[in-house]
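To keep things clear, I will list the structure first and then write my remarks on it.
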Amino acid sequence: MLRVLPKIRLAILIAAMIALSACRKSAPTQVSIDPNGPVEVMIPEHGAYTGAFMDFGDEEDDVTLEIIEDFEQMVGKHQAIIASSSYWGEQDFPTANLNVVWRHGSLPLVFWSPWDKPYEEDRGSGKFNLNEIVAGTWDGYIDKWGDAARDFGHPLIVVFGVEMNGTWFPWSGAYYGRDEWDRGHNNWKGPETFRTAYRHVVDRVRARGATNIKWMFHTNNYPYPYETWNCAPAYYPGSDYVDWLGLSVYGQQFKDEPNPDIPSLVDWAV
């Protein structure tokens, strides 16, 4: 089952209060936000923020106002959160993309993935190996990205290494020792390697003064392979490194599959 689709990917992000929009016929409600004013991301007292991962191209970073407006017209609702990707293979911070989202009155969510071209699933560790990240090989790039995030100046949510508990992405613990026990960290080696890399990246970006970033720990709703060592708790980097929790939940992917109910999908992660 593919996890990054070239067309619309609509994963439910169950983060403090993120949910995908539901379709309805009413016209989009526009939100008036001063793009230059101070903003703090707050958990809503009632309901939930609605957000979407739209069809921004094969590399998930072709963000345009036209695509956003077309999507909002289709679903009949302004999106409070708009997600796109920033792959390490591109080696830049997506300032232009985030400005489109911010000026539209939405909060940017960025999947910052240590992935190199060709962006193919299930092919294991590549150029941006987690061990190399921990060793400092990519510190220059991380610092540059952090500087640009700081200079962007507006709040954004950043996910480092989304869905790490699935083998479709090369930063999965399955490629870094799997269930080999790490006595020094009292954890399995595979998840511990990811956890160490996550902390390293967050520490360096914070050191650049990018306090406008809210960090999200984002897993798939079920581990693949479905084994104890690969469950989300083993990957969790700690509350000092996580502001929001995210969960990908996929419904029907193909026409011949049943469309499962939401509780059965979310229960996998419990």
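The values are calculated or read from the model by the stated rules, or taken from the named source; none is laboratory data. None of these values were measured; they are calculated from a predicted model. Note: ideal-geometry Cβ built from the backbone for every residue, glycine included; neighbour counts use all protein chains shown. The area values use the complete protein model at the heavy-atom level, side chains included, leaving out ligands, DNA and RNA. Shrake-Rupley method; radii C 1.70, N 1.55, O 1.52, S 1.80 Å.
Before moving on, here are some points about what is shown:
- Averaging Cα coordinates gives a centre for the stretch 214-237 and one for the stretch 55-95; these two points are 25 Å apart.
- Using a Förster distance of 41 Å, the FRET efficiency for Glu40-Glu180 (Cβ separation, nearest 0.05): 0.45
- Between amide H atoms placed 1.01 Å from N, distances below 5 Å from Ile81 occur with Thr50, Gly51, Ala52, Leu107, all of them 5 or more places distant or on a separate chain.
- Cβ-defined net charge surrounding Asp151, 12 Å radius [Lys, Arg +1; Asp, Glu -1]: +2
- Sulfur and carbon atoms: percent of accessible area, the stretch 133-270 [1.4 Å]: 51 percent
- One chain, two ends: Tyr236 and Asp58. Fully extended at 0.36 nm per residue, the span grows by 61.2 nm beyond their Cα-Cα distance.
- Apportionment of accessible area to carbon and sulfur, the stretch 51-115, percent (1.4 Å): 44 percent
- Trp188 long-range amide H proximity, modeled H, under 5 Å: Asp182
- Backbone amide hydrogens, once placed in the peptide plane, bring Phe111 within less than 5 Å of Ser84, Ser85, Ser86, Val159, excluding anything fewer than 5 places away on its chain.
- Local electrostatic count, Lys117, Cβ distance below 12 Å [Lys/Arg +1, Asp/Glu -1]: -3
- Local electrostatic count, Gly126, Cβ distance below 13 Å [Lys/Arg +1, Asp/Glu -1]: -2
- Residue-normalised accessible area of the stretch 133-241, given per residue in Å² at a 1.4 Å probe: 39 Å²
- Of the peptides 151-164, 50-63, 174-187, the ranking by mean beta-carbon count within 10 Å, highest at the top, reads 151-164, 50-63, 174-187.
- Backbone HN-Hα couplings from phi across the stretch 125-131 [Karplus 6.51/-1.76/1.60, Hz, Gly and Pro as x]: 5, x, 4, 9, 4, 4, 5
- Above-threshold pairs, the threshold being 32 Å between Cα atoms, out of Lys144/Lys189; Lys77/Lys117; Lys214/Lys255; Lys117/Lys144; Lys117/Lys214: Lys77/Lys117; Lys214/Lys255
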